[in-house]
């Protein structure tokens, strides 16, 4: 399913996963994820232990929940 996302959505997903860190800045992470995007970006989140927890933490930092995105 992640591989079906366009490049921008994959980039946002990776940046959101990285946002869990307290010192992180959304715009900086988004730019870094865009620079790092490659043919394996869709596989990266699934190979990351605790991916769902990191994703939830990123959503929390933005004041969102998974329900907000549905």
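Which residues, taken from the range 3-28, are assigned to a helix (DSSP H, G or I), farther than 22 Å from residue 61 by Cα and in contact with a helix residue (DSSP H, G or I) (Cβ under 9 Å, 6 or more places away or on another chain)?
Matches in the range 3-28: 3, 7.
Six or more apart or on different chains, Cβ under 7 Å: which pairs go from a residue in the range 43-64 that's closer than 16 Å to residue 27 by Cα to one that's surrounded by fewer than 12 Cβ atoms within 10 Å (Cβ to Cβ) and modelled with pLDDT under 90? Could you list them?
Pairs found: 59/65; 59/66.
Six or more apart or on different chains, Cβ under 6 Å: which pairs go from a residue in the range 1-29 that's free of Cβ contacts under 8 Å to residues at least 40 places away in the same chain and on the phi > 0 side of the Ramachandran plot to one that's crowded, with 20+ Cβ neighbours inside 10 Å and assigned to a loop (DSSP other than H, G, I, E, B)? Could you list them?
Pairs found: none.
Take the residues in the range 42-70 that are surrounded by fewer than 10 Cβ atoms within 10 Å (Cβ to Cβ) and at pLDDT 90 or above, then tell me which one is farthest from residue 6 (Cα to Cα).
Checked the range 42-70; the qualifying residue farthest from residue 6 (Cα to Cα) is 49.
Within the range 44-60, can you find the residues that are in contact with a helix residue (DSSP H, G or I) (Cβ under 8 Å, 6 or more places away or on another chain) and either in a helix (DSSP H, G or I) or at positive phi (or both)?
If the condition is that a residue be in contact with a helix residue (DSSP H, G or I) (Cβ under 8 Å, 6 or more places away or on another chain) and either in a helix (DSSP H, G or I) or at positive phi (or both), then 44, 45, 46, 51, 54, 55, 56, 58, 59 are the ones that fit.
List the number of the failed condition for residue 31; all other conditions in (1) in contact with a helix residue (DSSP H, G or I) (Cβ under 7 Å, 6 or more places away or on another chain); (2) at pLDDT 95 or above hold.
That leaves (1) as the condition not met.
The values are calculated or read from the model by the stated rules, or taken from the named source; none is laboratory data. Owing to the predicted nature of the structure, the values given are computational and were not obtained by experimental measurement. Using ideal geometry, Cβ is built from the backbone for each residue, glycine included, and neighbour counts are taken over all protein chains shown.
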